[in-house]
Structures are given as C-alpha cells and as structure tokens.
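No value in this document is a laboratory result; all are computed from the given coordinates. All figures in this text were calculated on a predicted structure; none of them were measured in a lab. Backbone-built Cβ (ideal geometry, glycine too); neighbour counts: all protein chains shown.
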Number of protein chains: 2
Amino acid sequence: MTTMNRQLVLRQRPKELIAPGDLELIQTAVPDLKDGQALARVKYLSMDPTMRVWMAVDTYLPAVAIGEVMRAVGFAEILESRTAEFKKGDKVIGLTGLQEYAVIEPNDKLRGFRQVPSIPFLSDTAFLGVLGITGLTAFFGMEIGAPKKGETLVVSAAAGATGSIAGQIGKIHGCRVVGIAGSDEKCKWITEELGFDAAVNYKHADWKERLAAATPQGIDINFENVGGEMMQEVLNRMNLFGRVVLCGLISGYTKGDPSLASFGNVLVKRLRVQGFIVIDFASRFMEAATKLGQWKMFGKLKDRETVMEGLEKAPEAINMLFTGGNIGKTVVKVG
Amino acid sequence: MTTMNRQLVLRQRPKELIAPGDLELIQTAVPDLKDGQALARVKYLSMDPTMRVWMAVDTYLPAVAIGEVMRAVGFAEILESRTAEFKKGDKVIGLTGLQEYAVIEPNDKLRGFRQVPSIPFLSDTAFLGVLGITGLTAFFGMEIGAPKKGETLVVSAAAGATGSIAGQIGKIHGCRVVGIAGSDEKCKWITEELGFDAAVNYKHADWKERLAAATPQGIDINFENVGGEMMQEVLNRMNLFGRVVLCGLISGYTKGDPSLASFGNVLVKRLRVQGFIVIDFASRFMEAATKLGQWKMFGKLKDRETVMEGLEKAPEAINMLFTGGNIGKTVVKVG
C-alpha cells in the first residue's frame, strides 16, 4: 500500500511575511527506497528565522527553488532502511524539509543527517533547541563574543530560541546580562526564570532610557539578532573594544530595509569588521616605523605630498581632504 | 623682546566644511618658559581628516574646546629648553596644534611629544607621513586586514595619505590591489607609480561595473576610509570570511549622515563586528553539544518551547518568529 506524504512546497517567494500561496500543501506518494537510502518519519520541525531568508535569496545556502519542498531542520525516526548507517528506530536530525516523510541518504552533505542519542532526561525536541542548531548558534556566537567576568552583555530577541540561550551562557561566564524583548511576559520570563539581570521591553516608548538605566557601565558585548534601530541604539552604548556578534538581522528579513544591506553582507559572508584608531598601537610605533623606513629605503613604498604654505592655509587644507583636492599626504609648511 | 605667536583657535563648531569664522587666526605673545618646559618652532603641520571630527564631537579624544588652539600633529624644532628631555636643535613630533610656536612638556601624555632622528635620506615631513601617523595607520590597519598572497584588497580614498600606503603594503604582501579614487590623475598615480593593479574613479557613472571588472575574484580585504555608498558597494562584492578594516568614514564627517551612525560607533570605539553562521563550526558540534548538555543537566541552562501541531501550521509558525508571538524555541509537531 502506498504511503502518502504531505509536503509544503515553495510556490512563490514571499514579499514580506509569508502569505497564502507562497507555500502550498500537497500530497505525494512516498517513493520506494533505493539502496543506500532510508525512510524517516518526521516528528518535529525546527522553526528558524533563517527559513525566511532561504525562501527569498541565495545567501550562505542557495535559496529554495520554486516547486521544491521547503527546507527545514527536522527531528525524525527511521522507519525503514536500505543503508548500513541507519537502522529502524534510529532518531536523526537533518534538513528533512517541511514534510511528514523524508527519504534520506547518509552521505548527503547538504542535508547533513546525523543520529542523535536517546538520553533519558532530554526530550527529543532538545536536539532541535538547546542542544541543536539553536543552542549551538548561541554557544559559538558567545565564543566569538569572548565574555569576561563583570562585562555587560546585551542580547536582542532575548526571549527567542537563540537569544535566551546566549544570555544564559553570558551568566555562566559571569556577565551582567540584559535582554531586549517585545513583551512584559517575555521580560519577566528571562529575568525571573532564566536569571537575566535586567530586561527591556522595546515596545515601551522610553525603551532607550530603560536600556541606558539597565546598562550603567555601558555595553561590552552585543549578541545581535535584530538589527535596525535596536542595534543602532545598542551600538551607541557600546564601550571601547566591544564585540558585536552578528547572529541575525530579523528586523530586515521580512522587509527590504536598505540601511541593513551592508550589515546583511557582514552577516551572511561572515565578515569581520574591525574599527581601529592608531593610537592604540602606540607601544609598537617604533617597530612599525622601522619597518616602514626599510620598505621606503628599498623602494617598496613611495609617497607624495601636497604642501601648502603658511599657517593661515590650514582651514583650506583640512577642507581639501574632503573635497578631493589633495593627492598623497597633505601638510602645511609653517616655519 | 617678546616673540609673537600666530595661532588658529576654534571659535565655533563647523556645520559641514570649515567655514570662515570657525577658526580664527590670532596673535599672542609666546610666554616665558617655566622649569620642565621647552619652546618649539613648528615647521610642518599634518592635515588629517580626523581633525574635522575633533572640531565637532567627543570621540576617542575629547572635542577641541571653543577658544582653544585647534589640535594638530606637528613637526617642530626645539628653540630653547628648560627640561633635560629636549635640547636646542632637537626635532620633535607631537600635538603642537595649529600655531607657529608651541610650549611643550615631555611628560604631557595627551600631546605625546617624541624626538625624531635626523636621517639623511628622509625629509622632515616623512615623519608626519609615511613614517608618521599616516604610515603607522596604514601599517597597523593592514595588520588587522591580515593579507594573504593572492587575495584581493580594495582601498578607498586610495590616493590619500593613508590609502596610498595601505595599498602598497598590500602589494608587498602579494595581494591584488585595487584603489578607488576621485580623479583619473589619482588613478594614474596609484597604478603607474605606486603599482596598484587597478584603480576605479568613482566619479564615472559606471564605477560599480568598473569595480566589478577590477575584482573578478571578489574582494577579501577592504581598507575602508570613506563609508557610505562606496563601502556598501564594496561590501556587496566581499568574499566569505573577508575582513573590513574600518579606518575612516570621511564621507560622513562633513555631513551628519545618519546611516553612518552605526558604523561611526564601530570606528571610534574600535568595535569588532563579526558575522557568523553556525554551520562553519560543524566540526565542533559534538564538543559544544556536550557542554550545553552538561549545563542543562546542572540547571544552568533552561529552555522553553512554543509547540504548534501539524505540518500545515509551519507557515504561521515561521511568521510568528517575526511578529513576536513565540517565546523560546518554536517547533512544529508533525508526527
């Protein structure tokens, strides 16, 4: 008897939120297994903001093709196997897609199926959440954030799956942890149950003042999930040498916010943007000047000057730096 | 006989470019030296874009106070000394300010005077340029950029003092170096004299296409001096795991461009913004999941789920991630 599989396939790319007609629920017959394949019954599907990105554009993964089953991480149980890697009853995680049955192959690198152990105190869904992609994202993101005891961490979308774990990891490392979330209930949950030191509901008109009050020592680490105005305000309160872990920009996923375009590149291309001011390197100036001098002596560095005569020319000379009149180094000759 | 000193003092903060009345040229008498002081004759003054910032706002240094001599790096010669650290004839560099004579003290940390050697093949001005703050900025910035042989480096304001050195350092490290500059003359200088592989004049209407043609392998390192639209286009062409060395944002210094506000924080606070995608850490998932599992077992991590029943709920569940309806991890229960 043929088993029918319900699937959600992508029919058109969403404009803002997902609208009727973007994903269509269809029924297809589960195909017969070939050698090297296994059939899995999907039990749970992980819902992640990145899915909205997969529906729209090529980023770190190609966009889901029109007509394809929508991509999603799922927890599934093997029903039948014609591969040595999986046996009936095994529990697996991987890119099952939005469907009830998935035919999987162990060496499908993109969909990346791996077996998960049965552990008594853990629910199956833990492998999609705290021990799954969500928890891993929080873990490695906080590693990038390099938290130090006593520093202040601000997490946006703090009551979300990733943010709620990231904040708790900050507490484990001895940080003061402040969450930004969108309801008083969420704020209560992260402070009273998860142990965040403070929470700010950004739907209050005075949320910026509340954030300031909650971060009296400024902000050392920003675990950023939202972007846009929220990120700008956090950046305004960052301390010197702070770290911004760019994990998501969900405020821009459902609308094409052009001001987020640059930050979007930083996220999906895993760029490192490093601000710097040369005076921080003062202790190494001699070392560097020696090197520069050698390069110059051996003709590897050439320089050119735009020299203006007289102190009174300084304002004009400064302006020229912005209007493009100079080439090379601009100096004013005074004496 | 009293020596008169001409000085440029800050009278009002500039709105856009420096306008008449922002800096006033005044004459004052050079004061008598006290013990521990030296009098220096300013020979050359370095013109740097950051001066425009010093005139306007507190950043990594406090803004210049109204009525104060405008801050500037100068090259000066000691005329008279009542301190053991400097003797008549010594050449020094430090924050002389925009004036003809400067009274200096060796232990003035902020103004940071240091003696420079007389080296036959080097002009005095080299200590303001290629071997001075400009060259040092290029040197340490390129250290942050971590150039590897064969990578593509794009430098904006490439014919400027810092950009022209940064690009040449890229060539020394074996990079393909492309400069962006504002005239054909500048482009010619950086390619024909400095050895850049290509140059793009951003005043041509098709500069974006020219940049694309000049960077067929994409961009690995961006030594950014300009910001704004130029930076956005470079970010669009960045390769995975690229580095953006944020050295300046001169397109925003003379106008309060709000879209640059966030990047301005990154620059002046020396923030590190790191985009990341968790799949890059796949080889360490087991290690991390073990750690997360331990934390969860010992009650250091709590989680919460929003569970929706039925595959057909998936579109609604995804949308909820953006409209704020969920708390904690959202999963769809399928089977």
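Structure values in brief
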| quantity | calculated |
| --- | --- |
| Positive-pole candidate from B:Val130, A:Tyr44, A:Trp207, dipole of the protein assembly as shown, charges at beta carbon | B:Val130 |
| Förster radius 51 Å - calculated FRET efficiency between A:Glu24 and A:Glu287, Cβ distance, rounded to 0.05 | 0.20 |
| Overall form of the stretch B:132-181 per C-alpha gyration tensor (a/c, 1.5; a/b vs b/c) | oblate |
| Least to most buried among B:Met55, B:Met70, B:Met308 (fewest other Cβ within 10 Å first) | B:Met308, B:Met55, B:Met70 |
| Euclidean distance of C-alpha centroids, the stretch B:271-335 and the stretch B:49-118, integer Å | 55 |
| Cα→Cβ-extended label distance, 7 Å offset, between B:Arg11 and A:Glu209, nm | 3.9 |
| Distance (nanometres) between label positions extended 7 Å along Cα→Cβ at B:Leu122 and A:Lys109 | 5.0 |
| Size of electric dipole in chain A: Cβ of Lys, Arg +1 and of Asp, Glu -1, about Cα centre, debye, nearest 20 | 820 |
| Charge dipole magnitude, Cβ of K and R +1, D and E -1 - the stretch A:194-294, Cα centre, debye nearest 20 | 360 |
| The stretch B:289-333: relative contact order as a whole-number percent, Cα under 8 Å and 6+ apart | 45 |
| Spin-label pair B:Lys300/A:Arg82, simplified geometry with 7 Å Cα→Cβ offset, distance in nm | 4.7 |
| Whole-angstrom Cα spans of the protein assembly as shown along principal axes, big to small | 110, 53, 39 |
| Above-threshold pairs, the threshold being 26 Å between Cα atoms, out of A:Lys87/B:Lys300; A:Lys149/B:Lys148; A:Lys91/B:Lys333; A:Lys296/B:Lys91 | A:Lys87/B:Lys300; A:Lys149/B:Lys148 |
| Sequence of A:Thr215, B:Thr306 once ranked by neighbouring C-beta atoms within 10 Å, starting from the fewest | B:Thr306, A:Thr215 |
| Burial ordering of A:Leu246, A:Leu301, fewest other beta-carbon atoms within 10 Å first | A:Leu301, A:Leu246 |
| Computed [θ] at 222 nm, deg cm²/dmol, the protein assembly as shown (DSSP H ≥ 4; -39,500 (n - 2.57); rounded to nearest 500) | -7000 deg cm²/dmol |
| For a label point 7 Å along the Cα-to-beta-carbon line of A:Ala146, residues of the stretch A:206-238 with backbone N under 13 Å | A:221 |
| Percentage relative contact order, chain A, counting C-alpha pairs under 8 Å, at least six apart | 11 |
| Overall dimensions of the stretch B:27-121 as given by Cα atoms, namely Rg and Dmax in Å | 13.7, 41 |
| Check: the stretch A:133-275 dipole with +1 on Lys, Arg Cβ and -1 on Asp, Glu Cβ, in debye | 380 |
